[in-house]
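I have placed the structure first, in the form of structure tokens, so that the comments after it can refer back to it.
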Amino acid sequence: MNARIELHPQAAPSAGPGRRRALRWVLGGLCLPVLGGGAALATWPRGQGDAASLSQSPQPPQDVCRVAPLQSWTPALGPDPLAARLPPPDARCPVCGMYPARQPRWACQLIYRDGAAHFLDAAPDLLLYLQHPARHAPGYGRGDVARVYLPDAGSAEPRWIAAEDATVLVDSAWPAAAASPMRRGALPAFAEADLARQLQARHGGALWSFARLLALPATQWPRSLQGLGPHH
């Protein structure tokens, strides 16, 4: 039975049947949503100081990354749960929300002891992630990290190297770095230190082992990377 406001005959003695029907329609249209749950009033403009407007703010678009889920290991990924793997198409970078699979040659990955993995779009975001793993993977900490992989920038195909074996080129003018998701500050990593030295000789910059970066406090990183260190 539909709820509506009935007008008392004495409230509008001069109103004809047509006017009464019109008033019922108008008032019923305003009142029914309230009785049905207030759906119409949820879209009514409110003042900035209205607390209700804050609690009923519109939902963010679907492409906003609030929490990037971990990828669990399954036997379909290979026999070794700690081995590097291709980023799945729907994986999101937990730091910036980008899709690492769209540029796998720059995608880094971090694998926990239980085989769960996060994929990051480039090495600077990996450094940010490692400052506070629990912020991006609740329930996990630095001690739960089993493997960290960086993409080999010297390889024509996507190929990953263990972070402890990687040499990174910092602050160079290497043109290929401009194609990375991070543009400048891409931190290309190399499995072959000789190739890294050749590129440094041509394009400048400084060579660091990624393991050394992780071992030092952020205040001792190259100046261009210090902004990636913990802020609180």
Open item on the list: Being in contact with a Lys or Arg (Cβ under 6 Å, 6 or more places away or on another chain), aliphatic (A, V, I, L, M), surrounded by fewer than 17 Cβ atoms within 10 Å (Cβ to Cβ) and in a loop (DSSP other than H, G, I, E, B) is the requirement here; does Leu82 meet it?
Closed with: yes
Task: Close pairs (6 angstrom Cβ cut-off, 6 or more residues apart or separate chains): at positive phi in the stretch 195-222, at pLDDT below 95 anywhere - done: Gly204/Ser172; Gly204/Ala173; Gly205/Leu169; Gly205/Val170; Gly205/Asp171; Gly205/Ser172
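Please indicate, with yes or no, whether at least one residue in the stretch 110-122 is touching a residue at least 40 places away in the same chain (Cβ under 8 Å), under 16 Å from the mean Cα position of the chain (by Cα) and under 13 Å from Pro181 (Cα atoms).
Looking only at the stretch 110-122, we keep the residues that are touching a residue at least 40 places away in the same chain (Cβ under 8 Å), and these are 112, 114-119, 121-122.
Filter once more, keeping what is under 16 Å from the mean Cα position of the chain (by Cα): 117-119, 121-122.
After this cut, where a residue has to be under 13 Å from Pro181 (Cα atoms) as well, the list is 121-122.
Within the stretch 110-122 (the criterion being touching a residue at least 40 places away in the same chain (Cβ under 8 Å), under 16 Å from the mean Cα position of the chain (by Cα) and under 13 Å from Pro181 (Cα atoms)), the answer is yes, since at least one residue qualifies.
From the list Arg142, Arg159, which residue is closer than 12 Å to Leu110 by Cβ and of a type in the set (D, E, K, R)? Steps first, answer last, please.
Values: Arg159 fails: closer than 12 Å to Leu110 by Cβ.
Arg142 is the lone residue from the list that is closer than 12 Å to Leu110 by Cβ and of a type in the set (D, E, K, R).
Assess whether Pro175 counts as being more than 25 Å from Thr74 (Cβ to Cβ) and in contact (Cβ under 8 Å) with a residue 40 or more places away in the chain.
Details: more than 25 Å from Thr74 (Cβ to Cβ): yes; in contact (Cβ under 8 Å) with a residue 40 or more places away in the chain: no.
No.
Test of understanding: among Pro181, Pro124, Pro158, Pro151, which residue is closer than 27 Å to Pro69 by Cβ, part of a strand (DSSP E or B), in contact with a helix residue (DSSP H, G or I) (Cβ under 8 Å, 6 or more places away or on another chain) and in the same structural domain as Ala83 (by TED's automatic domain parsing)?
Result: Pro151 is the single residue among Pro181, Pro124, Pro158, Pro151 that is closer than 27 Å to Pro69 by Cβ, part of a strand (DSSP E or B), in contact with a helix residue (DSSP H, G or I) (Cβ under 8 Å, 6 or more places away or on another chain) and in the same structural domain as Ala83 (by TED's automatic domain parsing).
The values are calculated or read from the model by the stated rules, or taken from the named source; none is laboratory data. Not measured: the values here are computed from a predicted model. Cβ sites come from the backbone with ideal geometry, for glycine too, and all protein chains shown count toward neighbours.
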